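Everything on this sheet refers to the single structure shown next.
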Amino acid sequence: MTRTHAPVSPPVALTIAGSDSGGGAGIQADVKTMEAHDVFGTSAITATTAQNTTGVNDINVLPTDHIAAQYTAVVDDFDVGAIKTGMLATADVIDTVTECLADFAGPVVVDPVMVAATGDRLLSEDAEAAYESLFEHATLVTPNADEAELLTDRPVDSAAAAEAAGRDLIELGADAALVKGGHIDGDTGTADDSDEVVDTLVIAESATDATHTERFTHPRIDTDATHGSGCTLSSAIAARVAREETLTEAVAGGVAFMERAVRYGIDTGAGPGAVHHLVEMRERADREATAAAVERVVARLVEANVETLIPPGGMTLVGATRYAESAAEVVGVDGRLSQTRTGLRHNAGVRSGVGSDLAHQLLVAREAFPTLRFAATCRFDEAVEHALETLDGTVVRGEGDDPTEAIATAIGATDDRPAAIIDAGGADRHSTVILSAADAATLRERLLTLHEALITE
């Protein structure tokens, strides 16, 4: 029996950029990022590079007629919704791409790639001026601070300076400019804060000579593993505008996507790793496995009838995906585990987005210890405190007006990933202890160990 063909028709985007043999940047990053946004990625390769996480060893710029042929092959066959440019390498390549784009009516995102994250130059010095003609076709240009300085000949060391550089880039022909703040020491325009990154979007008003500015502020991630971040962000924006998001929506979504892609980067190679181009796809895929792991823990607790551990209001048990950033990405028991006349039971199943205090507490703990993924609440009294000594990890204690504050104080007082976190409670809540672990099997064993210690006292 044959099956009915059921094709899908995602939007199409085109990247015109160089190839990164290390897979973290360039064409490879662009196509992966487009796919992660449910957009079909096509490509025109401008150059091949011999590079890895430690540096760029060689660059081979392709003939311009071949670059143009790649472009023509794509646009003649595909309904391209947006184009993104990356590494263009030489003035001749920039001129060729500019000619190609002359008849393209859709949005164009220009990432003026000049220097690799390793410091290796990816654009000849005589090619910088050639960008001005390309900017006339740009819906958006996305330089980092260093690139903006080279393009505008002004220092870009604050959000205010980034805004001024953005206006300069618009005067050069672009419709809008996103000056990325990763290389700026967090100046928001009011106070310096090196713990924050401020990306500055300047948009030309269509009916006037005025500009409109949006700023996107997000926490700085403590890492040097940012290889491919510029390529990935510009590709994410291009994919989103291909999906017909507004430019502001696309930039906001792209910036949020990049924050997660950097935090959960790929640790591979001898040098700094790459950003995680598929992080959101992996997070969604991770939910099913996480739910299954939580269900296995619940089944074992029910089997063992761990009545000694159940708090007065019932036990909450949750698991976070490896990339969880919100309660929607935390899987938990929908209805607490409670002691009944027939043993331990829960009233509902396991699902994502269970909005328990424990889900938020786990996310707070993950800020300091990102490998923590599973947690369960247990009753707390003198006997439990004594039994905690049988666990194979650090026990910390926190206090605060609410459960989240209590967890934050506990986590802030240790450098070790905790096995148990004591919430001392307050006037309106019972004292509890949270057992935590990096994996479901370890959490299960810690719960059973604590239970055995209590019943044998």
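Structure data summary
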read-out	value
Residues located in the stretch 60-81, provided they are crowded, with 16+ Cβ neighbours inside 10 Å and more than 12 Å from Ser43 (Cα to Cα)	Val61, Leu62, Thr64, Gly81
Boolean, Ala365 is part of a helix (DSSP H, G or I), in contact with a helix residue (DSSP H, G or I) (Cβ under 9 Å, 6 or more places away or on another chain), closer than 23 Å to Tyr264 by Cβ and modelled with pLDDT of 90 or more	yes
Restricting the stretch 408-449 to residues that are touching a Phe, Trp or Tyr at 6+ places or on another chain (Cβ under 6 Å) and closer than 25 Å to Ala304 by Cα, the residue that is surrounded by the fewest Cβ atoms within 10 Å (Cβ to Cβ)	Ser431
Among (1) assigned to a loop (DSSP other than H, G, I, E, B); (2) free of Cβ contacts under 8 Å to residues at least 60 places away in the same chain, the one test that Thr213 misses	(1)
Condition met for Leu123 (part of a loop (DSSP other than H, G, I, E, B) and assigned by TED's automatic domain parsing to the domain that holds Ala204)	yes
Matching residues in the stretch 390-407 - criterion: being assigned to a loop (DSSP other than H, G, I, E, B) and crowded, with 17+ Cβ neighbours inside 10 Å	Leu391
Residue selected from the stretch 275-331 under the condition small (Gly, Ala, Ser) and in a loop (DSSP other than H, G, I, E, B), by the criterion modelled with the lowest pLDDT	Gly313
Residues that are closer than 13 Å to Leu140 by Cβ and assigned to a loop (DSSP other than H, G, I, E, B), drawn from the stretch 217-274	Glu245, Thr246
Answer residue from the stretch 408-457, given it is among the hydroxyl-bearing types (Ser, Thr, Tyr) and part of a loop (DSSP other than H, G, I, E, B) and is farthest from the chain's Cα centre (by Cα) among those	Thr456
Test: residue in the stretch 8-18 that is surrounded by fewer than 22 Cβ atoms within 10 Å (Cβ to Cβ), assigned to a helix (DSSP H, G or I), out of contact with any Pro (no Cβ under 6 Å at 6 or more places or on another chain) and not aromatic (Phe, Trp, Tyr)	no
The listed residue being farther than 21 Å from Leu14 by Cβ, in contact with a helix residue (DSSP H, G or I) (Cβ under 9 Å, 6 or more places away or on another chain) and polar (S, T, N, Q), out of Thr290, Thr248	Thr290
Some residue of the stretch 380-387 being in the same structural domain as Val298 (by TED's automatic domain parsing) and in contact with a Cys (Cβ under 7 Å, 6 or more places away or on another chain)	yes
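The values are calculated or read from the model by the stated rules, or taken from the named source; none is laboratory data. Model, not experiment: these values are computed from the prediction. Backbone-built Cβ (ideal geometry, glycine too); neighbour counts: all protein chains shown.
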